[in-house]
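Below is one structure, written out as structure tokens; comments come after it.
The values are calculated or read from the model by the stated rules, or taken from the named source; none is laboratory data. Note that the coordinates shown come from a computational prediction; the quantities given were computed from them, not determined experimentally. Because the Cβ atoms are built from the backbone with ideal geometry, glycine has one as well, and the counts that use them run over all protein chains shown. SASA here: full protein model, heavy atoms, side chains in, ligands and nucleic acids out. Shrake-Rupley method; radii C 1.70, N 1.55, O 1.52, S 1.80 Å.
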Protein chains: 2
Amino acid sequence: MPTYKAPLRDMRFLMNEVFDFPAHYTTLSNGADATPDMVDAIVGECARLCEEVLAPINLSGDLEGCHFDNSVVTTPKGFKDAYDQYVAGGWQGLSHPTEYGGQGLPMSLNLIKAEMMGTANWSFTMYPGLSLGCMNTIMQYGDEAQKNVYMPPLVEGRWSGTMCLTEPQCGTDLGQIKTKAEPQADGTYKLTGTKIFISAGEHDLTENIVHIVLARLPDAPKGTRGISLFIVPKFIPDAQGNVGERNSVSCGSIEHKMGIRASATCVMNFDNAIGYLIGLPNKGLEAMFTFMNTARIGTAVQGVAHAELSYQGALAYAKERRSMRALSGKKEPEQIADALIYHADVRRMLLTQKVIAEGGRAMIYYASQYADHMTNGIIENDQKKYEYWDDKLGFFTPILKGFLTELGLESANIGMQVFGGHGYIKEHGMEQIARDARIATLYEGTTGIQALDLLGRKVLLQSKGKAVRDFTADVLKFCGRHARDKQMRRYVWDLTKLCAQWNYLTTRIMLTARKDRDIVSAACNDFLMYSGYVTMAYFWALQAAVAYEKLANGGAEQAEFYQAKIQTAEFYFERLLPRAAGHAGSMLSPSKSLMQLDKDAFAFG
Amino acid sequence: MPTYKAPLRDMRFLMNEVFDFPAHYTTLSNGADATPDMVDAIVGECARLCEEVLAPINLSGDLEGCHFDNSVVTTPKGFKDAYDQYVAGGWQGLSHPTEYGGQGLPMSLNLIKAEMMGTANWSFTMYPGLSLGCMNTIMQYGDEAQKNVYMPPLVEGRWSGTMCLTEPQCGTDLGQIKTKAEPQADGTYKLTGTKIFISAGEHDLTENIVHIVLARLPDAPKGTRGISLFIVPKFIPDAQGNVGERNSVSCGSIEHKMGIRASATCVMNFDNAIGYLIGLPNKGLEAMFTFMNTARIGTAVQGVAHAELSYQGALAYAKERRSMRALSGKKEPEQIADALIYHADVRRMLLTQKVIAEGGRAMIYYASQYADHMTNGIIENDQKKYEYWDDKLGFFTPILKGFLTELGLESANIGMQVFGGHGYIKEHGMEQIARDARIATLYEGTTGIQALDLLGRKVLLQSKGKAVRDFTADVLKFCGRHARDKQMRRYVWDLTKLCAQWNYLTTRIMLTARKDRDIVSAACNDFLMYSGYVTMAYFWALQAAVAYEKLANGGAEQAEFYQAKIQTAEFYFERLLPRAAGHAGSMLSPSKSLMQLDKDAFAFG
């Protein structure tokens, strides 16, 4: 069973040496309190909570699952106690305003916290995690009264929240939703309808649950332009935020799922439930989109989390399990056989996990600085600033979410593979990681939706390729700085060629799309994965450059760490990056090979 | 929930049009009874059994799982009844000699049967499937008395068998096994030890269970040269095959697994259990290797089975679920949205599943003819013939097992992806396929072991590259035949280049291996996957060639079928085959990028 140990050395490398978070925090309006000492203390304390409180109930939570009995949902043993400790530690409001009881720290710290918590216990982390979307909605679109009632208990964690979007007939295509909101004389609404796949929709961890619900007003236009947002609390609060009468929203059942079994996935029935309009009528979907970036990056974290956890489990096993001899001769002659870690093919697997976990972490940390600036825009009520950074973040969001969750799943499967047959047995905990990781490419927009968002929306429609040009220009600047550096040369030229290719592919697809409109959907998956491999290559080169610099400047207090970073980067460029060629190779094929087959000719009896 | 429908049209296309099984059967000493009419009747009847008896208890079997109570294992509801029908139909002895009550038909029919059964219900299929290894061992190494006692009830299916290899401390590295066999005065042995991961080790389907056990004699040399084979029956039979006293072998527990939950995976405790030596002392491992090819191809079938089942489920869902509009304009304007199947990215997923299922099936059917010849060698007691075909089959075995099970898992995951969030819910049956498929890359030799077997043993050590030269020569002959055929030209030239590259890569690795011995382990996974994609490309080109020919000769009673084959082949070459480039790109990297990282530098606290 993998025992989670927060990768603090790697996290500090990224924060202090690669991305200079201390300097970054001085540029933020809410960064003053995030001093290096404070950040270090938070990270260390969070690691302790994750290792000692959350990790120990990860496997047991999966085995027990959630219980459903007559609308009541009970979380597995230990979850309530862990949640109480989480609340007592003030963790929920880490990055939320002090005026509502939060600690007012930058959003990036919340992502760093989320990775550790999610790695220790993803199912648990979803309960407080779902509150974030709810809190963000109320913060950005709620009126003062709504903020005053809902924010303090949500920020404290005494209440939790949900996002009620999906219905039985639609998930991605929210224009199809049917839940109705009837206006009442007193200015409230009565909501009727069924929502499915509502994470944390019902549970025993908090005294109230605040649902953010997408629904239609009676006179709403059809489709996505007729969707409004409502707050529907489980218990109706009074103006002081005291919990009152039970609302007529209830959990009809919980889903039996492949994984994240300790996370309650609820069917929620709204039966003339009292709701409060939040934001403008019929503008609900636009409102949802405004914080989709942060929600999706929160899910991208899952890719890193499960890559890391599975890596930790596989690495420990590979050092301890002995089988056969290394091809280059006995490595542990005194033992009956060599440990798995001496076999090149096992190293290939471990290193693949390692480059995914550490490379993905670098990508998240980088994006988290954009999220900090974006959040600052909201705090400062500076719409322009908000939009500028939201746009910049918007390009990376589908790459992070789509690519990292796919690779997180790959890493989880590799971890099982290192264990051989034992990986398939529940008690070792490795198969749970693969099951838990499997949801990440499905929810919060499938990989296909991320791919379409990236190529269709972010790259072509919104920026006509500028998003790729901008990012590759940054990468080329890096290449320019290191082009004469002998050790970095290999990375620099690989990256330079890839930047050229990425722009070329983008332009070619853009031109082809004028005649062959399906090409965007046909090419988007390859484009997403290609973009992911190239982006990750940049962050590995960046890490290698920092490591070389530290080694060159002597005084590196831990030379082995930097050496390992360099060797891991080398592995990435030699063994994983070649996959980009495969994606480039199939991306430009016309859509014909996908579209020509008649739908009735896919199978013959 | 996917409802299994045997893909009879595709099976008949392969049997009658691509590989000409009727002509092939006339070349076999046991092929006379396999007339086209007979084969057609068998296939049709087997399809009925699979669709009507086995498929309906697939999901329920997973949900219920096996029960363990005080050494007794009970299979899920309906399994015993289904097994009785299987036995009553005479299915177990389909390809076993008539002298023991079998039907004496060619081995290939057994593989064709196994695919249908495994697709309908893999867990169920493992019970009779495990008997095969046991029967083959007794057939090839047992003395007359052993054959007379054990074969008739095994062939009938009244008894079942197991293979007891793995122990807690070793799976792949069988040289480490510890189970002891003490010779007794009466010529029998007493076996003591613990075996794990024993599929069908204990269950309620048959009146006796015959274990083939790897164990060590007291004076046995260390390692793999000191392993002998024993028959250890659950109940000791008398010379007439009547079941007698209970032997002291018992099931200590069953594993709780990610998938194939209706298949009992047992810990088997041998406590001075009576056993009978089979074959020569200390030659047990060699004996195991002689039918490893057939056992592994039986597992390769799982890749095709789960690719097919997941495809059937995803295809039905993609036609029925509606979401968004196709990028090239509304396809179902009268509906609220277009069916998923009109979206290019969904088609990419479905077609990927389709090329895996149908391409993999073609690879299995091709290899099954080699298996027929090999089995004929055994029947005819012609060791040379046996070795010739075993060798030929031996090259394909790791490709089929390693590559097809990896792609089967990919297809199963894609099937979930087509379902979106619903794919993650148990009741739809799609996630079960992914869980069931996951074991296939682990058991019967992990993918890493297949890769090492292919590159290290079959290609380099045993044949110095001849195996690749021989197969690519066959492919080039095909290319030569079609090089001037306008429609086939694209496939022909792609294949020609790949054949050249495959030989080049082989030679380069062979030369590098002289200095860098770890390269074989470092490159083997890429080599395996590369070999798989190229081999599958050949079989897709072959299918396209047949389809073009049928269309050109008019009179094709079902032009849509041939057209679909051609379009599917086109998809394979444009969209899947480019992955081979990625594998070629990383394969030749020296092993340094894998081997240089110190084992203590994989992670820092």
*Residues of B:586-593, mean number of Cβ from any other protein chain within 10 Å of their own Cβ, rounded to a whole number?*
5
*asked:* If Rh is defined by the Kirkwood formula over all Cα pairs and Rg also comes from Cα, what ratio Rg/Rh do you get for the protein assembly as shown?
replied: 0.97
*Label points 7 Å out from Cα along the Cβ direction at A:A559 and B:K80: separation in nm?*
7.0 nm
*For region A:1-74 and region B:404-467, distance of Cα centres in Å*: 34 Å
*asked:* For the full complex of protein chains and a 1.4 angstrom probe, list B:E431, A:E245, B:E52 by accessible area with the highest value first.
replied: A:E245, B:E52, B:E431
*asked:* What does the charge count around A:W540 come to, taking other residues whose C-beta lies under 12 Å from its C-beta (Lys +1, Arg +1, Asp -1, Glu -1)?
replied: +1
*For B:G252, distant residues with modelled amide H under 5 Å away*: B:V267, B:M268, B:N269
*Using the eigenvalues of the Cα gyration tensor, what equivalent ellipsoid semi-axes result for region A:79-219 when each is taken as the square root of five times the eigenvalue, whole Å, largest first?*
28, 18, 13
*Extending each Cα 7 Å along its Cβ direction at A:Q487 and B:N381, get the distance between those two points in nm, one decimal.*
7.1 nm
*Find out how many positive minus negative residues lie around B:S108, taking Lys and Arg as positive, Asp and Glu as negative, among other residues whose Cβ is under 12 Å from that of B:S108.*
-1
*asked:* So for chain B, averaging the separation of alpha carbon pairs under 8 Å that are six or more residues apart and normalising by length, what relative contact order in percent results?
replied: 12 percent
_List the GluC sites (Glu not before Pro) within region B:545-605 that DSSP assigns to loop and that have no more than 14 neighbouring Cβ atoms inside 10 Å._
B:E557
*Once you've got the Cα coordinates, tell me which of A:K257/B:K113; A:K384/A:K565; B:K401/B:K486; A:K77/B:K426 are over 27 Å apart.*
A:K257/B:K113; A:K384/A:K565; B:K401/B:K486
*Computed E for B:Y504/B:Q335 - FRET, C-beta separation, R0 51 angstrom, nearest 0.05*: 0.45
*Whole-Å distance, taken between Cα centres, linking region A:354-376 and region B:227-247*: 63 Å
*Taking all pairs of different Cα atoms in chain A, averaging 1/r and flipping that mean, what Kirkwood radius in angstroms comes out?*
25.3 Å
*Counting other Cβ atoms within 10 Å, which trypsin sites (Lys or Arg not before Pro) in region B:178-253 have at most 13 and lie in a DSSP loop?*
B:K178, B:K222
*D for region B:268-310, whole µm²/s, Stokes-Einstein with Kirkwood Rh over alpha-carbon pairs at 25 °C and 0.890 mPa s: what number?*
183 µm²/s
*asked:* Which of rounded, prolate or oblate describes region B:522-582 when judged by the alpha-carbon gyration tensor and an a/c cut-off of 1.5?
replied: prolate
_Between 0 and 90 degrees, rounded to the nearest ten: what's the tilt of helix B:292-320 against the longest Cα principal axis of chain B?_
40 degrees
_Not counting ligands, DNA or RNA, and with a 1.4 Å probe, what is A:S250's accessible surface area in Å² rounded to the nearest 10?_
40 Å²
*Average partner coverage of A:565-571, which counts Cβ from other chains inside 10 Å*: 4
_Degrees, to the nearest 10: B:489-513 long Cα axis against longest axis of chain B_ = 50 degrees
*What is the distance, in nm, between label points placed 7 Å from the Cα along the Cα-to-Cβ direction at A:E286 and at B:K319?*
4.2 nm
*For B:441-453, what's the mean count of beta carbons from other chains sitting within 10 Å of each residue's beta carbon?*
4
*Stokes-Einstein diffusion coefficient of region B:480-539, Kirkwood radius over Cα pairs, 4 °C, 1.567 mPa s, in µm²/s*: 101 µm²/s
*Between B:S29 and B:V243, what FRET efficiency follows from the Cβ-Cβ distance if R0 is 35 Å, with the result rounded to 0.05?*
0.55
*What's the local net charge at B:F13, with K and R +1, D and E -1, over the other residues with C-beta under 14 Å away?*
-2
*How long are the three semi-axes of the equivalent ellipsoid of region A:291-445, in whole Å, if each is the root of 5 times an eigenvalue of the C-alpha gyration tensor, listed from largest down?*
40, 15, 10
*Given A:K331/B:K222; A:K330/B:K515; A:K330/B:K195, the pairs whose alpha carbons are separated by over 24 Å*: A:K330/B:K195
*Just how many % of Cα pairs in region B:8-288 lie over 32 Å apart, if you round to the nearest whole percent?*
27 percent
_Qualifying GluC sites (Glu not before Pro) for region A:340-425 [loop in DSSP, other Cβ within 10 Å: at most 15]_ = A:E380
*Would you mind calculating the relative contact order of region A:450-592 from Cα pairs under 8 angstrom and at least 6 residues apart, reporting the percent as a whole number?*
30 percent
_Magnitude of the charge dipole, region A:8-288, Cβ model with Lys/Arg +1 and Asp/Glu -1, debye to 20_ = 840 debye
*Find the sum over both chains of the accessible area lost when A and B are paired, probe 1.4 Å, and report it in Å² to the nearest 100.*
8900 Å²
